[in-house]
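Student: One structure is given below, represented as structure tokens, and several questions about it will come after.
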Amino acid sequence: MAPYLKKFTQYGISLGLMTLFLYWAFADINWSDLWNMLQNMSIVWVLAILFTTLLTLLVRGWRWKILMHSFAPQITTLDAATALSICYAANLVVPRSGEAVRALSLYWSRGSPISSVMGTVIIERILDMFWLIALVGMAIFFMQERIAQAFPWLARSTMATLAVFIGILILLIGLIYNRQWTLNQINRQLSRFSQPFAQRITNHIEAFFNGLSSIHSPSVYLKILLSPLLLNTLYILIIYESFASFSFISQYLFDFSDALVIMSISSIGMIIPTPGGAGTYHLFFKQALILLYGIPTEPALACATVVHGLATLLYLFLGGPALYLQRRTYQRRRV
């Protein structure tokens with residue numbers, strides 16, 4: 001299959017999934033009630049959710065900067081956060097394209113090696129999945145019986161996914177500690193076909209390993225442990241703020257443990273490759289509120305729409321112009 005046809009097919013599947021999940025999420029709702037709820041939301045809570053979402057972007061940027069420090073010490077937290085906003089904006093247009101685009105962003109703005117940056121992106125994704133699994137496990141702990149009834153597949157899939165990611169993490173650690181042997185083996189095998197080709201591929205893989213090796217330094221362990229705790233606390237706070245905006249706290253006596261449950265389950269929807277998690281996030285968020293807490297459909301979906309919609313607008317507002325300016329500046333420097 002030609003590359004352009006493959007990309008077109010992947011994008012078509014992603015759009016199809018988004019349409020399906022949006023229809024599933026918004027089917028059989030009272031649109032006037034939903035619109036009234038969104039209109040009556042206080043601007044104070046809108047600003048609070050936007051501010052907390054912005055803080056998550058900065059914390060993510062800080063964590064990513066830590067991972068890149070060994071090979072790109074010139075990158076600041078603001079550089080990394082800007083690249084992340086570009087990443088999320090790109091994912092809204094072409095799903096899963098953001099990871100490559102954010103590496104390209106740092107290459108344009110700071111000249112950081114793309115292969116090494118992609119190594120840290122993989123580390124980030126593994127850390128994110130590990131913490132998502134841990135948070136889902138905490139959610140199951142808080143509401144074991146209800147979750148078992150509403151989502152009987154969740155506990156089994158969580159344990160299986162955890163085992164897979166532990167295996168991947170062990171493999172990566174092994175590669176990091178034995179990277180010279182791995183590089184020699186790769187070079188030896190590829191040299192049978194072409195020595196220049198083998199050297200070129202080996203150089204790219206070595207740069208990739210440099211990105212992976214950022215977690216090898218003991219000095220970053222504490223920061224890597226602290227940043228997800230802070231980051232996920234902010235994500236839980238966003239959900240709690242959305243609860244407050246729709247009076248769930250006073251009406252249903254919701255607390256931070258309930259925000260943790262909804263945040264964890266709704267985040268599963270972001271794994272499915274739709275543009276920006278559209279549709280999947282709404283459905284998981286809505287279903288969790290309905291099945292676990294008995295919240296009516298309209299307020300449940302309004303809450304999901306506000307959280308996803310405000311984050312989407314923020315990423316587009318920051319990432320779109322940043323990508324345009326960085327690309328334009330880079331092209332001018334090359335002239």
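Student: Can you compute log10 of I(q)/I(0) for the stretch 211-335 with the Debye formula, treating each Cα as one identical point scatterer, at q = 0.12 Å⁻¹?
Tutor: -0.61
Student: Mind putting a number on the dipole of the chain about its Cα centre? Charges go on the C-beta only, +1 for Lys and Arg and -1 for Asp and Glu, and I need it in Debye to the nearest 20.
Tutor: So the dipole magnitude of the chain works out to roughly 1740 debye.
Student: Now a separate question. Expressed as an acute angle from 0 to 90° and rounded to the nearest 10, what is the orientation of the C-alpha long axis of helix 43-68 relative to the principal long axis of the chain?
Tutor: Once rounded, one gets 20 degrees.
Student: Between 0 and 90 degrees, rounded to the nearest ten: what's the tilt of helix 256-268 against the longest Cα principal axis of the chain?
Tutor: Roughly 60 degrees, rounded to the nearest 10.
Student: One quarter of the convex hull surface, Cα atoms only: what value does that give for the chain in nm²? Write out the running numbers ahead of the final one.
Tutor: Working: hull surface 78.7 nm².
That works out to 19.7 nm².
Student: Sorted by mean Cβ packing within 10 Å, highest first, what order do the peptides 263-273, 129-139 take?
Tutor: 263-273, 129-139
Student: Ordered by packing density, taken as the mean number of other Cβ atoms within 10 Å over each peptide's residues, highest first, how do 162-172, 85-95, 17-27 rank?
Tutor: Peptide ranking by packing, descending: 85-95, 17-27, 162-172.
Student: If you don't mind, another one. How far is helix 195-212 tilted off the main Cα axis of the chain, in degrees rounded to 10, range 0 to 90?
Tutor: Roughly 40 degrees, rounded to the nearest 10.
Student: Between Thr9 and Trp31, what length in nm is gained on full extension when 0.36 nm per residue of separation is reduced by their alpha carbon distance?
Tutor: 4.7 nm
Student: Then there's this: Would you mind pulling out the separation of the Cα centroids of the stretch 227-273 and the stretch 66-133, in Å?
Tutor: The stretch 227-273 and the stretch 66-133 have Cα centres spaced 25 Å from each other.
Student: Something else: With springs only between Cα atoms under 10 Å apart, run a GNM on the chain and tell me which of Asp128, Asp258, Asp28 wobbles the most.
Tutor: The residue with the greatest mean-square fluctuation here is Asp28.
Bear in mind that the values in this text are calculations on the coordinates, not laboratory data. These numbers come from a predicted model, not from an experiment. Glycine also receives a Cβ, built like all others from the backbone with ideal geometry; neighbour counts cover every protein chain displayed.
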